[in-house]
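The values are calculated or read from the model by the stated rules, or taken from the named source; none is laboratory data. These figures come from a predicted structure and were not determined experimentally. Here the Cβ positions follow ideal geometry from the backbone for every residue, glycine too, while neighbour counts run over all protein chains shown. The area values use the complete protein model at the heavy-atom level, side chains included, leaving out ligands, DNA and RNA. Shrake-Rupley method; radii C 1.70, N 1.55, O 1.52, S 1.80 Å.
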Amino acid sequence: MPTTAEVVQASIALDATYMGRVYTELNHLPNAKILSIGSLCVAPFMSLVIYEALRKASSLPASANIALSEDVYDVCGRARHSLKLFTDTNGGIDRQLMHFEKEIMKEHSGYFLGNTWLPLARFLETDLGVFTYEGQIITTTHSATFHLGIPSHRLFQDGFGPVMQSILQQMGRCLAELGTGGYIGKPSTFASYVPDSSLRNRDVRASKHYKRTFNGPETPYINGTLTDFQAITNFIASLLVTGADPLSLEYSVFKIRYIALFHVLASLRVLQGRLDMGLSRRSSEIIERIVGTSEAQIVTDPSTRGFRNTLMHYGPTNAMLGQIDLSAPLFGLVPICFPDHDFKSLSALVDRCIRTTSRELNEWSKMT
């Protein structure tokens, strides 16, 4: 039977090594577009790995030098918590919507709009970058800013490049200490398989874009956060698993998909329960279709909380420890937490749920 420390070390090493491979492969590609878009999509999950690993420092080898500056630790913490979406216990849906309104949309529009010297040309100005893979949104500049964990005003004041460079250097060193190094050859990550022609970007006016999507013109900030849900779900449905078998994923890729899916589904249920949010009948019906599937109910069932917590926080419960097998997929956690499933059947269920959720969100985003 492995010790708790052995399970923690093994899972952190897998995650850190995967993240190291992603960034190594992205940085070795000739196309800067893949590097920038792929990095923005993966960044919050890299922060999750580092932040949670530091919280388990007592279980790591004494030789691991994983110290971060207070500033970078705070950035990782904000980025990690952003993945909770509406389920964050620190303010929940109200705080998230206020943050999106005041610190994302208004900060971006204030910086990017009203700069042209010709008033008649101001309608051409834009303040929202939209990035797509195979025609579907996988991130936006609003979504990326939210999940980077860095305040908009700091990025605008000091410059995106200089701010990110110093932060990524520390995070890269930390991943190297936690994992087994960077590039190790195989298996490759999505970065090695993404065709340049499948990635696109366009610049739009945020206020116009959000009025024409999801719940309609009366709820732009809800629509903005739902666009983020859409982007996350499309990312895990497509780009993240490019070149891989969705039913036989390595530990870290499955983990990213499961955690992201769980929080999107749980957040939609939170939104569904708030009658004061002004959801249209169509919006309520679509949310019910998404969260009401048998797959979605299994993923979010309270009885499986230990599975998500172990993936996210690294520490298995004492009850799980005796059944864990470090040589098995996901260390054998699936049959412990999902008695009716093995790794492959749960992978198939999660994949179906992701694709259904992605399809419904994409359809919902097109106002009729």
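Please determine, in degrees from 0 to 90 and to the nearest 10, the orientation of helix 70-82 with respect to the longest principal axis defined by the Cα atoms of the chain, where the helix direction is its Cα long axis.
80
Accessible area, 1.4 Å probe, largest first: how do S39, S192 sort?
S192, S39
Hey, what angle do you get for helix 220-237 against the long axis of the chain, alpha-carbon based, 0 to 90 degrees rounded to 10?
40
Give the residues of the stretch 279-293 whose amide nitrogen is closer than 20 Å to a point set 7 Å from the Cα of A348 in the direction of its Cβ.
Of the residues in the stretch 279-293, 293 have backbone N under 20 Å from the label point off A348.
In what order, largest first, do D340, D203, D301 sit by accessible area if the probe radius is 1.4 Å?
If we order D340, D203, D301 from most to least accessible, we get D340, D203, D301.
Give the cross-link partners of K344 among the aspartates and glutamates, using a straight C-alpha distance below 13 Å as the criterion and excluding same-chain residues fewer than 8 apart.
Hits, sequence-local ones excluded: D245, E250.
Mind putting a number on the dipole of the chain about its Cα centre? Charges go on the C-beta only, +1 for Lys and Arg and -1 for Asp and Glu, and I need it in Debye to the nearest 20. Display every interim value, and only then the final one.
Details: 34 positive and 34 negative charges, 133 e Å.
Charge dipole, the chain, about its Cα centre: 640 debye, nearest 20.
Keeping all protein chains in position, work out how much accessible area I287 exposes to a 1.4 Å probe, and write it in Å² to the nearest 10.
Surface accessible to solvent at I287 totals approximately 0 Å².
Which of the lysines could be linked to K366 by a straight reach, that is with a Cα gap under 22 Å, when you skip same-chain ones fewer than 8 residues away?
Excluding near neighbours in sequence, the set is K208, K211.
State the percentage of accessible surface on the stretch 20-98 attributable to carbon and sulfur atoms; use a 1.4 Å probe and exclude ligands, DNA and RNA. Numbers along the way, then the final one.
On the way: 1730 of 3320 Å².
About 52 percent, which is the carbon plus sulfur part of the accessible surface.
When only Cα pairs under 8 Å and 6 or more residues apart are kept, what is the percent relative contact order across the chain?
Averaging sequence separation for qualifying contacts and normalising by length gives 25 percent for the chain.
In the chain, if the dipole is taken from +1 on Lys/Arg beta carbons and -1 on Asp/Glu beta carbons about the Cα centre, which of S39, G129, N234 is farthest to the positive end?
Farthest towards the positive end: G129.
Would you compute the Debye intensity of the stretch 282-322 from its alpha-carbon atoms alone, equal scatterers and no solvent, and pass along log10 I(q)/I(0) at q = 0.31, 0.34, 0.35 Å⁻¹ to two decimals?
Relative scattering, expressed as log10 I(q)/I(0), comes to -0.98, -1.05, -1.08.
Give me the tail of P(r) for the stretch 4-104 as a percent: Cα-Cα pairs with distance above 16 Å.
The answer is 66 percent, as a whole percent.
Could you give the Stokes-Einstein D for the stretch 239-368 in µm² per second, using the C-alpha Kirkwood radius, 4 °C, 1.567 mPa s?
Diffusion coefficient, whole number: 82 µm²/s.
Please provide three numbers in whole Å: the alpha-carbon extents of the stretch 239-295 along the principal axes, with the largest listed first.
41, 21, 15
Can you run the Rg to Rh ratio on the stretch 164-269? Use alpha carbon positions and the Kirkwood inverse-distance Rh.
1.04
Heavy atoms only, 1.4 Å probe, whole protein assembly: order H313, H28 by accessible area, highest first.
Listed by decreasing accessible area, they come as H28, H313.
Within straight cross-link reach of K84, meaning Cα distance under 17 Å, which lysines are found once same-chain residues fewer than 8 apart are removed?
K255
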